[in-house]
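Encoded as structure tokens, the structure appears first; notes follow it.
The values are calculated or read from the model by the stated rules, or taken from the named source; none is laboratory data. None of the values given here were measured: they were computed from a predicted structure. Methodologically, a virtual Cβ is constructed for each residue, glycine included, from the backbone with ideal geometry; neighbour enumeration extends over all protein chains shown.
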Amino acid sequence: MDIKLVKKLREETGAGMLDCKKALEEANGKYENAQKILLEQSTKNQGNTRVASKGLCSVVINQNEAILFEDDQISIWYCRFQPGTSVPPHNHNMSAFIGVFHGTERNDMYEHGDEDILKPLKSTDIHAGEVLSIAPDAIHGVTCTSAKPSEAIHVYLGALSRVDRDLYDMEHGTVLAFTDENHSQLTQDKN
Ligand SMILES: [Fe+2]
């Protein structure tokens, strides 16, 4: 057990040392999975309450992403994209709202075409101060088009980290499971 990882997990999630250690053991040392385990535990411990004073969950995934809160009804994320970074098309299987407060995010919407190949539908730039509402069955890709990083609060009407979702590999025309590994492989980071 890497004590440095336990400490890092404790600092980033605010969970107790023992809980962090257990989560890392359960996740076979995989840091991101341990974060998710702690998030699920935190959500369960809160029951269905949404009172902020009972403690919002806070899980920092990396310096560009954090889950601020999640329960069965709602997920609130902070997402930052560096200039030029492109996230591959994906679905959420729930309603989503993206409120940008810094920079600009371009949202490319898609629909299923023949033989499940994605067809571009339209592109929308969301500037700081604007909110985009995305339908539950929508498919979108996101690109930061501003010279400075885009920053946004994403609100999803469900438990985003616990729902099965799809990622679309446009280069090979294939559909993949939305996993951290597939997501980072397909994300084009220009930095
Ligand atoms: Fe998305």
Looking across segment 111-158 at residues that are loosely packed, with under 15 Cβ neighbours inside 10 Å and in contact (Cβ under 8 Å) with a residue 60 or more places away in the chain, the single one that is farthest from Ile98 (Cα to Cα) is Ala147
Filter pass, Ser123 being polar (S, T, N, Q), within 15 Å of the ligand (Cβ to nearest atom) and either over 15 Å from the mean Cα position of the chain (by Cα) or farther than 24 Å from Ile67 by Cβ (or both) | yes
- Query: Quick check, is Val87 among the aliphatic types (A, V, I, L, M), under 22 Å from Asn64 (Cβ atoms), touching an Asp or Glu at 6+ places or on another chain (Cβ under 8 Å) and within 13 Å of the ligand (Cβ to nearest atom)?
  - Reply: no
Any residue at all in segment 66-83 that's exposed (fewer than 15 other Cβ atoms within 10 Å of the Cβ) and either within 16 Å of the ligand (Cβ to nearest atom) or on the phi > 0 side of the Ramachandran plot (or both)? no
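Can you name every residue in segment 145-191 that is of a type in the set (A, V, I, L, M, F, W, C), outside any loop (DSSP other than H, G, I, E, B) and either under 15 Å from the mean Cα position of the chain (by Cα) or not assigned by TED's automatic domain parsing to the domain that holds Arg106 (or both)?
Ala152, Ile153, Val155, Leu160, Leu167, Ala177, Leu186 - these are the residues of segment 145-191 that are of a type in the set (A, V, I, L, M, F, W, C), outside any loop (DSSP other than H, G, I, E, B) and either under 15 Å from the mean Cα position of the chain (by Cα) or not assigned by TED's automatic domain parsing to the domain that holds Arg106 (or both).
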The correct count of residues that are part of a loop (DSSP other than H, G, I, E, B) and among the acidic types (Asp, Glu) in segment 123-133 is 1
For this session: Evaluate the following for Lys36: is it assigned to a helix (DSSP H, G or I), modelled with pLDDT under 85 and either within 30 Å of His172 (Cα to Cα) or within 16 Å of the ligand (Cβ to nearest atom) (or both)?
Result: yes
